[in-house]
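S.K.: Have a look at this one.
Read the figures in this text as sums done on the coordinates, not as results from a lab. All of these numbers come straight from a predicted model, not from anything done at the bench. Ideal geometry is used to build each Cβ from the backbone, glycine not excepted, and the neighbour counts take in all protein chains shown.
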Amino acid sequence: MIHGDKDTLVPLWHSEKMCEALKARGVEAELLVIEGGGHGFFGEKSDRANKAWVAWFKKHLLSTKPTE
């Protein structure tokens, strides 16, 4: 999950609770908090968020091999 710490629409604690709940059930979960980020990212904050989700897709979707 990626969340800005200045988001006034969805509080940061929502993502924190979700991340904790997933981990408690054995699900791999990460939370990247973008300092100064609101609900949506622009400029450098957007670049950081984009790099994070692309890395997640590569790790979890592109690195999987079909089972035989």
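S.K.: Please check: in the Gaussian network model of the chain (C-alpha springs, under 10 Å), which one of Leu32, Leu22, Leu12 has the largest mean-square fluctuation.
M.R.: Checking each option, the largest mean-square fluctuation is seen for Leu22.
S.K.: When the chain is fully extended, how far beyond the present Cα-Cα distance does Ala55 get from Val10, taking 0.36 nm per residue of separation?
M.R.: Gain on extension, Ala55 to Val10, equals 13.8 nm.
S.K.: Taking Cα atoms, how many degrees apart are the long axis of helix 43-57 and the longest axis of the chain, rounded to 10 and kept between 0 and 90?
M.R.: It works out to around 20 degrees.
S.K.: Taking the Cβ of Leu22 as the center, what net charge do the other residues with Cβ under 15 Å away carry, scoring Lys and Arg +1 and Asp and Glu -1?
M.R.: Neighbour charge sum, excluding Leu22 itself: -1.
S.K.: Here's something else I'd like to know. What's the angle, to the nearest 10 degrees (0 to 90), between helix 12-24's Cα axis and the longest principal axis of the chain?
M.R.: Tilt of helix 12-24: around 20 degrees.
S.K.: With charges set only on the Cβ (+1 for Lys and Arg, -1 for Asp and Glu), what does the dipole of the chain come to about its Cα centre, in debye to the nearest 20?
M.R.: Result for the chain is approximately 180 debye, rounded to the nearest 20.
S.K.: Next question. I'd like the projected area of the chain, averaged over all directions, using the convex hull of its alpha carbons. Report it in nm² with one decimal.
M.R.: Across all orientations, the chain yields a mean hull projection of 5.4 nm².
S.K.: Using modelled amide H (1.01 Å from N, peptide plane; none on Pro or chain starts), what sits under 5 Å from the amide H of Gly37, excluding residues fewer than 5 places away?
M.R.: Asp5, Lys6
S.K.: Report the chymotrypsin sites (Phe, Trp or Tyr not before Pro) located in the chain that are in a DSSP loop and have at most 11 other Cβ atoms inside 10 Å of their Cβ, or state none.
M.R.: Within the chain, the qualifying chymotrypsin sites (Phe, Trp or Tyr not before Pro) (loop, at most 11 other Cβ atoms within 10 Å) are Phe42.
S.K.: Cα gyration tensor of region 3-42, axes a ≥ b ≥ c as square roots of the eigenvalues: rounded (a/c below 1.5), prolate (a/b > b/c) or oblate?
M.R.: Because a/c hits 1.5 or more and a/b exceeds b/c, region 3-42 counts as prolate.
S.K.: Determine, for region 2-62, the count of lysine pairs separated by eight or more sequence positions (or lying on different chains) whose alpha-carbon distance falls under 22 Å.
M.R.: Values: Lys6/Lys17; Lys6/Lys45; Lys6/Lys51; Lys23/Lys58; Lys23/Lys59; Lys45/Lys58; Lys45/Lys59; Lys51/Lys59.
Lysine pairs, 8 or more places apart or on different chains, close enough: 8.
S.K.: Sticking with this structure for a sec: To the nearest 500 deg cm²/dmol, what mean residue ellipticity at 222 nm is calculated for the chain from DSSP H runs of n ≥ 4 alone, each contributing -39,500 (n - 2.57), summed and divided by the residues?
M.R.: The helix contribution divided over the chain gives -13500 deg cm²/dmol.
S.K.: Ok, one more. Picking from Ile34, Ser46, Leu62, whose Cα lies most toward the positive end of the charge dipole for region 2-62 (charges on Cβ: Lys, Arg +1; Asp, Glu -1)?
M.R.: Leu62
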